[in-house]
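Everything below concerns the one structure shown next.
The values are calculated or read from the model by the stated rules, or taken from the named source; none is laboratory data. Bear in mind that the values here come from a model prediction, so they are computed numbers and not experimental data. Note: accessible area is taken over every heavy atom of the protein model, side chains too, but ligands, DNA and RNA are not part of it. Shrake-Rupley method; radii C 1.70, N 1.55, O 1.52, S 1.80 Å.
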Amino acid sequence: MADNARARKLADRIQVVVAETLDRRIKDPRLGFVTITDARVTGDLREATVFYTVYGDEEERAASAAALESAKGVLRSEVGRQTGVRFTPTLTFVPDALPDNARTIEDLLDKARAKDAEVREVSTGKTYAGEADPYRKPEDDDAIEAEDDEDGAGA
């Protein structure tokens, strides 16, 4: 069992090797604008998961996924050659969900901004239902204590 630091170093190296190999050696026309975002290696250094994103629509994503699957052997050979580990990890390519999550968060933030603007517009020129400052202040506490003292002294 390898330690986590070695697995992280190997994952970082795999990420760089796969990205460079895709850029320089893989000439598949189906391969779109692919970015390797992350790589993770299991603790025994036998399996590597490579996360990627593809710029484009769903059809380009599917074509790029097929191109990555067909280039898996070349990429694994290059990883083995450049890393020098005893056993070259098997590569699994997984589309990264980060852009979709970021898009969802941006949509939610836009909705929140619109609601805030709506509330700000409605509240313009309005006044408070009660006093302007409904919170007690220290001088109010002194007055209440004085009243309590007067009530307690008379009883």
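Listed values, structure above:
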{"read-out": "Chain lengthening between D23 and T35 when straightened (0.36 nm per residue, less Cα-Cα)", "value": "3.3 nm"}
{"read-out": "Cα shape, segment 1-52, gyration tensor, a/c 1.5 rule", "value": "prolate"}
{"read-out": "For the chain: relative contact order, % (alpha-carbon pairs under 8 angstrom, 6 or more apart)", "value": "20 percent"}
{"read-out": "Among K111, K126, K27: highest mean-square fluctuation, GNM of the chain, C-alpha pairs under 10 Å", "value": "K126"}
{"read-out": "Fraction of antiparallel bridges per DSSP, the chain only, in percent to nearest 5", "value": "55 percent"}
{"read-out": "Residue with peak Gaussian network fluctuation, the chain [Cα springs, cutoff 10 Å], from R120, R81, R30", "value": "R120"}
{"read-out": "Within the accessible area of the chain (1.4 Å probe), percent carbon and sulfur", "value": "51 percent"}
{"read-out": "Inter-part distance where segment 79-133 and segment 43-63 are each reduced to a Cα centre, Å", "value": "21 Å"}
{"read-out": "The chain - Rg (one decimal) and Dmax (whole number), Cα, Å", "value": "30.9, 97"}
{"read-out": "The chain: most fluctuating residue of L108, L45, L75 per GNM, C-alpha cutoff 10 Å", "value": "L108"}
{"read-out": "Proximal lysines relative to K115, as straight alpha-carbon distance under 20 Å, when same-chain residues fewer than 8 apart are discounted", "value": "K126"}
{"read-out": "Calculated SAXS-style log₁₀ I(q)/I(0) at q = 0.11, 0.18 Å⁻¹ - segment 52-131, Debye, Cα scatterers", "value": "-0.56, -0.89"}
{"read-out": "Surface accessible to a 1.4 Å probe, per residue, for the residues of the chain, Å²", "value": "73 Å²"}
